[in-house]
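Below is one structure, written out as structure tokens; the observations come after it.
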Amino acid sequence: THAIRIEGLSKTYKGGKVALSDVSLAIPRGAFFGLLGPNGAGKSTLINIMAGLVRKTRGRVTIWDNDIDKDERNARLAIGIVPQELNLDPFFTPREMLEVQAGLYGVPAAERRTLAILDAVGLADKADSYARSLSGGMRRRLLVAKAMVHRPPILVLDEPTAGVDIALRQQLWAMVRRLNAQGTTVLLTTHYLEEAEELCDQIAIINHGRVVACEPTSTLLRRV
Ligand code: ADP
Ligand code: ADP
């Protein structure tokens, strides 16, 4: 059974731009799955459809056995999405942000393991510091913590290391790998082959809105 199933997914934006064209993908539970493609390929569009931020034109998306049209809420609860942008309110602390997020997702106060989640991303000692005092790397890790507040089985990261220096990239890689090893299914988009190769056990290549390859990383690398 799959974590995410995408069947015949298409998206045409107003004005006629075709961003996705008949995309089908099946992401196994527990996988570390990479969606690799150049800028403009359609990666963000695909993630935004799963996040409920963009309406699809055609096709079917099932997340942890919940159809995003028929069972939107459960589909949404099954994923945590880490956005590209580092927009965090500078005058809130990590602890406060996770509490607000937990409230939005209806996590009962007694089940909010705020400190444990901050600890999982290496931010326990920054729980009560204002976000404006956190480095770029810490902010990225805080966004991962926010995405995990409702304990989703799937974590989706949209270009997590775009514009990030090597040291920080290694740190983020190690963190996401650990989360995957602990059982979280990971879907990551990237335009770095090197990143997909390093992390993912399966890679789908997307270009001009179409999936042009989808294979285990080892067989894909033998061909490129
Ligand atoms: P990415 O960094 O994921 O490639 P872009 O920088 O191309 O994304 O776009 C950022 C945001 O701007 C996207 O989330 C998208 O909704 C919007 N956008 C991108 N291209 C267009 C466009 N041609 N017309 C309107 N909005 C766009
Ligand atoms: P990627 O994330 O792979 O860079 P996107 O999904 O952001 O790709 O974009 C796919 C295509 O759709 C691009 O040509 C982009 O300009 C276009 N696009 C993205 N968002 C919008 C939008 N809101 N309106 C119109 N075109 C868009």
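Read-outs throughout are calculated quantities, based only on the coordinates presented, and are distinct from any laboratory measurement. Just so it is clear, the structure is predicted and the values come from calculations on it, not from any experiment. Every residue, glycine as well, gets a Cβ built from its backbone with ideal geometry; the counts of neighbours run over all protein chains shown.
Can you pull out the GluC sites (Glu not before Pro) in the range 66-152 that DSSP calls coil and that have at most 14 other Cβ atoms within 10 Å?
Glu85
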Can you compute the FRET efficiency between Phe91 and Asp69 using 1/(1 + (r/R0)^6), with r the Cβ-Cβ distance and R0 = 41 Å? Round to the nearest 0.05. 0.60
Please list 3J(HN,Hα) in residue order for the range 148-154, calculated via the Karplus relation 6.51 cos²θ - 1.76 cosθ + 1.60 where θ = phi - 60°; whole Hz, with x for glycine and proline. 9, 4, 8, 6, x, x, 10
Considering only Leu20, Leu179, Leu187, give the residue with the highest GNM mean-square fluctuation for the chain, with springs between Cα atoms whenever their separation is below 10 Å. Leu179
Pairs of lysine in the chain with Cα under 25 Å and at least 8 positions apart or on different chains: total? 13
Write out the trypsin sites (Lys or Arg not before Pro) in the range 52-92 meeting two conditions: DSSP loop, and at most 11 other Cβ atoms within 10 Å of their Cβ. Arg55, Lys70
Please report Lys146, Lys126, Lys14 as a ranked list, fewest other C-beta atoms within 10 angstrom at the top and most at the bottom. Lys14, Lys126, Lys146
Mean ellipticity per residue at 222 nm, deg cm²/dmol - from DSSP H runs of n ≥ 4 across the chain, formula -39500 (n - 2.57): -9500 deg cm²/dmol
Once each part is reduced to its C-alpha centroid, what is the distance from the range 35-70 to the range 181-224 in angstrom? 17 Å
